[in-house]
Every structure is written in C-alpha cells, then in structure tokens.
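A quick write-up on the structure given underneath.
All of the numbers you see were taken from the coordinates with simple rules; none came from a lab. Every value quoted in this text rests on a predicted model; they were computed, and no experiment measured them. When we count neighbours, we look across all protein chains shown, and the Cβ atoms used for this are built from the backbone with ideal geometry, even at glycine.
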Amino acid sequence: MRTIQLRNHKSGQLYDLRLDTLPAAQFVPDAHATQGIEVELPLRHADTLAPAPGDVVSSLFGAEEWRSEEAAANTCEIKTGPYRKLGELLAEYRARACWLLDWAEQHGLLIVPLAAEPLELLTEVSSYGFIPKIADAKYGAAVLARSYADCTQLNIHVADGDALLALFRGLVRLAPILAGMFASSPFAGAKPAGVQSFRHVVRRGLANGGDPEVLPKTVRWEEYIVSHQALTVLGPWFPALFALNGMIRLRPDRMCVELGVTDIIADPCHLAGYLALCRRLAYRILLHYRDSESLPDWFGPDDPAIQDAAFRSAMLSAVRLGADGLCCTQSMKAMRMADAFSELVRWVKESPVPDDPSLPFDSALPGLIDLIDHGAPAQRLLKQFYELHPTCSDPRPGCPSCRIAVIEVCRHLSAEFATQMRKSPG
Ligand SMILES: [Zn+2]
C-alpha cells in the first residue's frame, strides 16, 4: 500500500494518506456511508438581540466542545459524530441543541438561527483558534469580521480517493441549487439586504469568493493529493485560502466532502430532508461513477472550461432569488432552482439505495416538498417582515421601523426554533 504524508492545515499534525484507489468498475458504494454535521448557531441577548458577549460564550468551552474557530465570538458550533444512521445523527444534534437552548436561556441569551448578522456588522472576533492567527497575518480583523457567516455543514465520507473526487465533482454542480433552496439570511444592517442569502454576499468579498476548486475531468486522486501536498508546504496562505474559500471542499485528512453551501437550516423538517436527500444523492452519484454513466442534464455543466462561470452566475441568482433563481443545465438551458430541485428529489427517490430505517426517506420527504412548494426559508422571513412593515419611509438606508420589524422576525424565528427543537421527534 502506497501512502503520502500530509499536514493538517489547522493543527499542523502530520498524517499518512493512502494513494491507492480501486478502478471505478470495482468500486462498491456504501449505502450507509457515514455523515456528520456541523451547525454554527449564533447567540444573542434576549432583550436587545445584540451579539452575546464573547467571554460569556467562551465560558461554555470548559464544559463542552462548543468551540467554533471559524465563526464569530458569539457563535457556538454543534458538531455531531459521524453516523451511519441519520436518525441517530439527528437525535444527537437535537439533544445538543436543546442543551444549548437551556444554557442560553439561563444566561439571558437566545439562539437566532440566521446565517448572517441581521442587525450590525460584527467587530468582535474570536480570540482563539487558527482563523484569528491567519487574519492577523494576512487579512486583518476588518476583513475577518466580514467573513462571519454561519452554515449547516454536512460531511460525507468516502474511503476511496477517486470515488471521493467523483462525489465532489457531482456535488459542486448542484451546489448553487442547494444554496438557493436553503437560503435563509435575507437581512443585513437591520433591513432587508435585497438578497436571500446575505451570507454568500459576505463570502464574495473574500479572495475568490468561496468558489470551489475546479478540477480537470481527468485528474486522479494521486495527482490531486500530490498537488495538495505541494500547496500545503508552501506556507501560511494555504490554510487561509482553504478556510475562507471553501463553501464546498475536499478534506483528504478526513476522506470527506465538506458541503457548507447551505445557510443555517433552522427547521428540523428541512434538516431531516436535507440529510436524507444528500445520503441518497451521494450514493447515486457514486453508482454513476462506478458505471461510468453521465449525470442528468439538470446537474449543470461538467466541462471545466465553463463550470466556473456557470457556477458563479447560478450562485448569484440563488443568492438574489433563492428558490426562484435560475441555474444552468449541462445543455446550457436556464432552469428555475425549485424545478431543478424537484427533479433532484425525484431522482434520489428513485435511487436504488436501501432505506435507512432510522430516517426513512418517506418521512424526510415532506421537508423537501415544503421547500419546493413555499420556497427558501428566506422568502418566508421576508414575507413576515413586509407584513409587519408594509411601507418604508426610506428603504435605501432603512428606517427605524425596518429595525423593529427585523428584530420581531428574529424573535419569532428564535422562538420557533426552540419550540421545534424541544418537540420530541416523530
Ligand atoms: Zn423601513
């Protein structure tokens, strides 16, 4: 067995990585591959909704693993273990979220599960971890403050390197659709931001804007890893690039794809739908890889020459219009996000993957259909906002009533999140 030594970009630890892969035809996709989630949850003062003080939030870190090195000082992160059974993964997430809700309540705080700061731009930075180090060295705290944007990250593990690359390539093509359907950060500066995912707008201000790597179709695992190793040894900019640009990225040290393209998924039905969808989706992409079949047209372009441009324009549309945004098919036709998503749901439903009894697909389906029928969560938040504040005296800078309405919507979202999380599953 041939291996190569790589260095973890955060800890600096060295690890051995396997270079040998199976020929595609011999690869057997794992129907119950392990998945884990990381959800960044921002805490706010119950009265003012100002970001919770960093020292109060860090006092948590002695008791539990709530560290969130890549997020704002008022943000906690729930990381679940890797699970084969998605029902167990959801149960762990729910238990930890409920613990955090109780803790927050005792400290006069709320969880407002929006993916970007809705009221003011944050200036307080987390005082530990590797991002502040990079920020000091490379970007400066002002740029760092803009990078604060939270997501629900799903890690999907595949043990074979070439298969992992194939999964990454497939998921990159769908990333804008997922971003549009799960957009949930429509406010900034205490008024509507004019977009449905302000988090992705924030990201655009950084380096290459969070766009994923474009890999040549022919690249093999060994070649990819050798180039990865070369980048890793080149210096401190690699971890910066890696951390700030990765809305979807490969993690060779964990043999997983990190899918961080969605805003925070606050509704447990949407989260269950997302997990069940991605499990079946990953399996089906890997079946196509094994059988050397191309993926359906609505996956979007797989030609590296146009992939980047197609990705960017679809992302822009997803950011502005959510589920009503337009993506680009492989045959270069425009398609509404919700229609492509609907095809995707149908495609994974037909996937010949054994059902996961801990989270049967039929029980996760209503969360997905809800998104197709009613649009991204951001659209509902905006609807609430305009019901509370039908006319604005000064929409460009935002009026004092904008602020009151945004706070009201945030409170409602926070209460709804707490209620749904505390409901016993099923
Ligand atoms: Zn207003």
>> Rounded to the nearest 20 debye, what is the charge dipole size of the stretch 3-422 about its Cα centre when +1 sits on each Lys and Arg Cβ and -1 on each Asp and Glu Cβ?
In response: 580 debye
>> Over 22 Å between Cα atoms: which of K191/K383; K349/K423; K85/K349 fall into that group?
In response: K349/K423
> If you count, for each residue, the other Cβ atoms within 10 Å and average over each peptide, how do 210-218, 391-399, 263-271 line up from highest to lowest?
Replying inline: 263-271, 210-218, 391-399
> What is the Cα centroid distance between the stretch 152-171 and the stretch 312-343, reported in whole angstrom?
Replying inline: 22 Å
>> Can you tally the net charge around L359? Count Lys and Arg as +1, Asp and Glu as -1, for every other residue whose Cβ sits under 15 Å from the Cβ of L359.
In response: +1
> Which number comes out as Rg/Rh for the stretch 160-203 once both Rg and the Kirkwood Rh are worked out on C-alpha atoms?
Replying inline: 1.22
> So what's the stretch 284-335 giving for Cα Rg divided by 2.2 N^0.38 Å, two decimals?
Replying inline: 1.24
> Please state the Cα pair-distance histogram of the stretch 301-388 with 10 angstrom bins from zero: what percent is in each bin?
Replying inline: 15, 36, 31, 16, 1
>> Given the stretch 3-422, report the % of alpha carbon pairs whose separation exceeds 40 Å.
In response: 12 percent
> Over all pairs of distinct alpha carbons, what does the Kirkwood formula give as the hydrodynamic radius of the stretch 357-426, in Å?
Replying inline: 14.5 Å
